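To start, the structure itself, in structure tokens.
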Amino acid sequence: MGSARRVDQPAGRVGEDLALPSRKRGAERLVIGRREWIRLPGFDAGPFHAKTDSGARSSSIHAEQIVLSDDCSEVGFYTRDHYGRRRWCELPVGGVSRVKSSTGESKPRVWVETELELPGGFRWRTRLTLANRQRMKCSMLLGRRALSGFFLIDTACDHMMGAFDARDGH
């Protein structure tokens, strides 16, 4: 593995040189499947089975026992990864938004901002609303806001980015 080195050019230019996806109009995009594996590196949590849904504006993660701090600035919750392992997460509250479910019901949901990771190491920050997704096949939903600018979806394929290495311990 190579050592880290200083790069004397703007980050956007480095990203272009490395052919990394960017939100820039017309830039290269990663092609992902209708379902992908996702990790939350900040919590050593995952893998999560995530459904990509360009019809949904917001993204969500399965959350149980949601607890807001007294001043409503932080939220804690349990989530379950693909293997059913529970992980406690605490994050600053990004806000509360009204989200319309697939059944057409509109409810307020707490949202947080966190970093997501795909197999292969691509990381990006996005908003996730907290919802009980226990009855859903996928514990995470990635909507347009999280996908926009970085990805194109191949709806005929699943897990185009591969899987996380079992040696990672996740």
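Where a number appears in this text, it was derived from the coordinates with a stated rule and is not lab data. This one's a predicted model, so the numbers in the text were calculated from it and none came from an experiment. Note: ideal-geometry Cβ built from the backbone for every residue, glycine included; neighbour counts use all protein chains shown.
Value of Rg to Rh for the range 47-128, rounded to two decimals, is 0.96; Kirkwood radius and Rg both from alpha-carbon coordinates.
Inter-label distance, residue 132 to residue 30: 3.2 nm, where each label sits 7 Å from its Cα along the C-beta direction. Here the gap between residue 148 and residue 69, fully extended at 0.36 nm per residue and compared with their Cα-Cα distance, gives a gain of 25.3 nm. Relative contact order of the range 57-170, taken over Cα pairs closer than 8 Å and 6 or more residues apart, is 28 percent.
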